[in-house]
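Okay, structure first, notes after.
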Amino acid sequence: MRAPVSVVIPTLNAAAVLPACLAALYEGVQAGIIRELIVVDGGSDDDTRTIADEAGATLVSSAPSRGGQLRAGVAASKGDWVLVVHADTCLEEGWSDVAEAHFATSRKAGYFHLSFDQGGMAARFVAGWANLRSRLFGLPYGDQGLLIARDVYDAHGGFEDIPLMEDVAMARALKGQLTPLQAKAITSADKYQRQGWLRRGTRNLSTLVRYLVGVSPQTLAESYQRP
């Protein structure tokens, strides 16, 4: 029987973080659950594509839009399940056992508990809020990963080709069909440390609220990318 999981990673100048992400995924190869690795690159001018190629990934080129990249990556995949992981996120040791147990017993989409690779009390607070938001409102973000059955993904229309909030749009489409997986997705704290934990967290919350009240993802992306 073919391995069930296609891993899809969207990238843009991710050479500094992609090797660790790939290394963490390797246990899924050893466990026999990863069928293929697809890296969807949005036009990197660093060594991202070389790293992906050396890892044996299938490279897909796309315009630099997270939603569009994910949509293209899933379209190119062949697995019965899709695991979406951000390039700056490492799944903790043992994640493959958790994933295998999940897709053997459930058809719900699964997401991981968020954690940061550094940051102390501020990092624990932000991660705690993210995990609480996911449980109470069913809104996990993309840095928590997404493990979803292909037929469930197709039935809900897949990722929208939008530059921002594609993860929230998917979570809303999957309302009532999301469940936490008992393993951590450990993501980089670099952006929070550079911009400030409070500032970055407030900006993320503001962006979410504006999206939920109807501001377009294009408008949000323009303001989100400003210094």
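The values are calculated or read from the model by the stated rules, or taken from the named source; none is laboratory data. It should be emphasised that the depicted structure is a prediction, and the values quoted were computed from it without experimental measurement. Please note: Cβ atoms are built from the backbone with ideal geometry, for glycine as well, and neighbour counts cover all protein chains shown. All accessible areas refer to the heavy atoms of the entire protein, side chains included, with ligands and DNA or RNA removed. Shrake-Rupley method; radii C 1.70, N 1.55, O 1.52, S 1.80 Å.
Observations
- Sulfur and carbon atoms: percent of accessible area, the stretch 23-111 [1.4 Å]: 45 percent
- For the stretch 123-140, 3J(HN,Hα) per residue [Karplus equation, 6.51 cos²θ - 1.76 cosθ + 1.60, θ = phi - 60°, Hz, x = Gly/Pro]: 5, 5, 5, 5, 5, x, 5, 4, 5, 5, 4, 5, 6, 7, 10, x, 10, x
- Global geometry of the stretch 6-45, whether rounded, prolate or oblate, following the gyration tensor of its Cα atoms and the 1.5 cut on a/c: oblate
- Projecting label points 7 angstrom from Cα along Cα→Cβ for D151 and S106 puts them 1.8 nm apart.
- The stretch 1-145 - charge dipole about Cα centre, Lys and Arg +1 at Cβ, Asp and Glu -1, debye rounded to 20: 780 debye
- Residue by residue, the stretch 54-66 carries 3J(HN,Hα) couplings of 5, 7, x, 6, 7, 9, 10, 9, 8, 4, x, 9, 4 Hz when phi is fed to the Karplus relation 6.51 cos²θ - 1.76 cosθ + 1.60 (θ = phi - 60°); x denotes Gly or Pro.
- Restricting the calculation to Cα atoms, the chain shows an Rg/Rh of 0.93 when the hydrodynamic-style radius is the Kirkwood one.
- For the listed peptides 198-207, 49-58, a ranking on the average number of other beta carbons within 10 Å per residue, highest first, reads 49-58, 198-207.
- Spatial separation of Cα centroids for the stretch 143-165 and the stretch 54-105, in angstrom: 11 Å
- Over the chain, accessible surface divided per residue gives 48 Å², non-protein components excluded, 1.4 Å probe.
- Of the residues L22, L132, L70, the one that moves most in a GNM of the chain with alpha-carbon contacts below 10 Å is L132.
- Listed by chain and number, the lysines placed with their C-alpha closer than 22 angstrom to that of K184 are K108, K175; residues fewer than eight positions away on the same chain are left out.
- Accessible surface of the stretch 145-188, 1.4 Å probe, proportion on carbon and sulfur as whole %: 47 percent
- Sequence-distant residues sharing a close amide H with D47 (under 5 Å, placed H): A15
- ³J(HN,Hα), Karplus 6.51/-1.76/1.60, whole Hz, each residue of the stretch 17-23, x for Gly, Pro: 10, 4, x, 5, 4, 5, 4
- DSSP beta bridge pairing in the stretch 89-227, given as percent antiparallel to the nearest 5: 35 percent
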